[in-house]
Amino acid sequence: MYVHEKPTTDLPLVDNSGYSLRKGKLDLIILRYMAIKLYIMLHSPGVAEEQGLPWLYTLEERHARSHRIVIYGPQELLSSNELYFVGFVSCKRTPVDAHALHEMQRIDTKLLGEIAQVTDILSYSSLKLHADNWFNLVLLRSSYTRAQLKELATHRYASYALAPLYYEWIRLHNGILRASGAQPELRLQTTKYYTFPEGQAPTMRLFEHKMLAPASEFSFVEQERGKGSNE
């Protein structure tokens, strides 16, 4: 169970939850970079195309950072002008429980296989940053696919059993991707900000974004949520 904190009416640029407009913008810049890399691979698939679906790429970014791209629906990605995305940004605990670390690595591999069975999931990308933290970007055919993803047993186990042991916080972004060649734009709709204070119940705050223009320019207001609600 997550405690949903009651928000203030007018959210400043930084509030006491730890979420800020600047952090949202920075997250979106990195998620858009990941989307651009995905569309570059779509337009020049190379060997992966010959090996059948899904197409799997492991790219080495600057500073030896790993970038994994899994493409399940290349034709639909290329032909669709508008898709939905989920962006998962996290901070790992320091130190992290050894069992939780092993389990998260195992679940990551298992989840990739399960995602392939959800036909409306078109791609899944992961980018490693400093301190072994990751950005994840999932592209979806429709907004309803998010509910299908949540119902996967492995996803539920990771979300409810492992997340409080493994993460300090999670920012979960939802929005729309508009494609134009290899230069996709991301527009943010909502952000769920989860915190996992040690020895306390996890908390979640929902931010509803007002989309003003391209991905890099937006404002947000926090939506009212009651305490003690289930996620």
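Listed residues Gly228, Gly199, Gly181; which is modelled with pLDDT under 50 and at positive phi?
Gly228
Return the only residue of Val118, Val70, Val96, Val86 being assigned to a loop (DSSP other than H, G, I, E, B) and under 19 Å from His155 (Cβ atoms).
Val118
Please go through region 160-186 and give me each residue that is of a type in the set (Gly, Ala, Ser), within 23 Å of Val96 (Cβ to Cβ) and either in contact with a strand residue (DSSP E or B) (Cβ under 9 Å, 6 or more places away or on another chain) or outside any helix (DSSP H, G or I) (or both), ordered by number.
If the condition is that a residue be of a type in the set (Gly, Ala, Ser), within 23 Å of Val96 (Cβ to Cβ) and either in contact with a strand residue (DSSP E or B) (Cβ under 9 Å, 6 or more places away or on another chain) or outside any helix (DSSP H, G or I) (or both), then Ala163 is the only one that fits.
Mind counting the residues in region 113-132 that are closer than 18 Å to Thr58 by Cβ and surrounded by fewer than 17 Cβ atoms within 10 Å (Cβ to Cβ)?
Total satisfying the criteria: 5.
The values are calculated or read from the model by the stated rules, or taken from the named source; none is laboratory data. Fair warning: this is a prediction, and the values are worked out from it, not measured in the lab. Note that each Cβ is placed from the backbone with ideal geometry, even for glycine, and that neighbours are counted across all protein chains shown.
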